Structure formats: structure tokens, C-alpha cells
1. Give the peptides 21-34, 117-130, 41-54 in descending order of average Cβ contacts within 10 Å, highest first.
2. Per-residue HN-Hα couplings for segment 61-73, Karplus 6.51 cos²θ - 1.76 cosθ + 1.60 at θ = phi - 60°, whole Hz, x for Gly and Pro?
3. Could you work out the pair-distance distribution P(r) of the chain from its alpha-carbon pairs, with 5 angstrom bin width and percents rounded to whole numbers?
4. Per 0.36 nm of contour for each residue apart, how much would the distance between residue 131 and residue 118 grow if the chain were fully extended, relative to their Cα-Cα spacing?
5. Given the peptides 84-91, 107-114, arrange them by the average over their residues of other C-beta atoms within 10 Å, most packed first.
6. What 222 nm value per residue comes from the helices of the chain, counting each DSSP H run with n ≥ 4 as -39,500 (n - 2.57) and dividing by all residues, nearest 500 deg cm²/dmol?
7. What is the chain's relative contact order, in percent, from Cα pairs under 8 angstrom and six or more apart in sequence?
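Just so it is clear, none of the values below were taken in a lab; they were calculated from the coordinates. Every value quoted in this text rests on a predicted model; they were computed, and no experiment measured them. Neighbour counts run over all protein chains shown; Cβ positions are idealised from the backbone, glycine included.
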Amino acid sequence: MPAVMLAPEAPPLVLDPSDAAPAKARRYLTDRFRELGHDDDYVGRLVVTELVTNSYKHVGSGHIIVRIFPDAREPLTVIEVWDESRALPVVQGEDDDAESGRGLLLMAQLVHDWGVRLLNEEGKITWARCAR
């Protein structure tokens, strides 16, 4: 018997790029976090909202795929968002006059770590790891 029992991986969420995508991703995250035993999903909802919103606003075509699963090595939960673009997300600096562009900066301060994996085929996965 393995030393660590992992929750079974749920099917990924496949979204059309639209303004409805972030809300659908938040509902999916809430359900997954509950399955994984999280007491609080606030940071996860913020993360998935930011990553999915960036995908549909900056890519605008193709599907967006969301996966949420436990990290097998550390007590963290991984949130992944795949889109068809190879353009990397950019963390904007603090600007009190800006009307947008603070999401990644805020997210980066709330998660354990985050990054981007370019895929051999078209697209990328933007990921973040949150405390359980």
C-alpha cells in the first residue's frame, strides 16, 4: 500500500474562451478543493479566475483547459490552465493609476509558487501551487 493516498484525478474542465469561463472555472475549483479536503478555497478561486481570464482575454480562440490536482511531493494543490498561445503572461509592476493588470502580481504574492510551461505542440500551461 502506498505511503501517501492521493485523491483520484478529476476529468479536466474544458472551457470556451468567453466571459462565462472564469465563473465556470471557479465552480469547478470549489468542487475539486472540497474533494481534496481544503477548508478554504479563496486563494484557489482568485488564482483560477486570474489565469482563465488572462487566457480568454489574451488568446481569445481555441479551448481553455483547467486541471486541479494534489502535488505528489508536497502538501500543495496544483492549478493548471492550458491555452493555445505561446505568449507568456507578464506580471505588471505596481501602478496606482492603472485600471487593470494587477492580477498576476496579486496572485504571485498569495501562492507558494507559479510558472509557465511551454509545450512542444502549440500552447502553454500556466500553473500555480497553493497550500492545502
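1. Numbers: 21-34: 18.7, 117-130: 15.8, 41-54: 22.0.
Packing order, densest peptide first, comes out as 41-54, 21-34, 117-130.
2. 9, x, 8, 10, 10, 10, 10, 9, 7, x, 6, 6, 9
3. Pairs per bin, as whole percents: 2, 11, 21, 23, 21, 13, 6, 2, 1, 0, 0, 0.
4. Details: separation 13, 0.36 × 13 = 4.68 nm, distance 2.42 nm.
That works out to 2.3 nm of additional length.
5. 107-114, 84-91
6. Working: 3 runs with 40 residues, N = 132.
Helix-only estimate at 222 nm: -9500 deg cm²/dmol.
7. Details: 219 pairs, mean separation 32.4, N = 132.
Here the relative contact order equals 25 percent.
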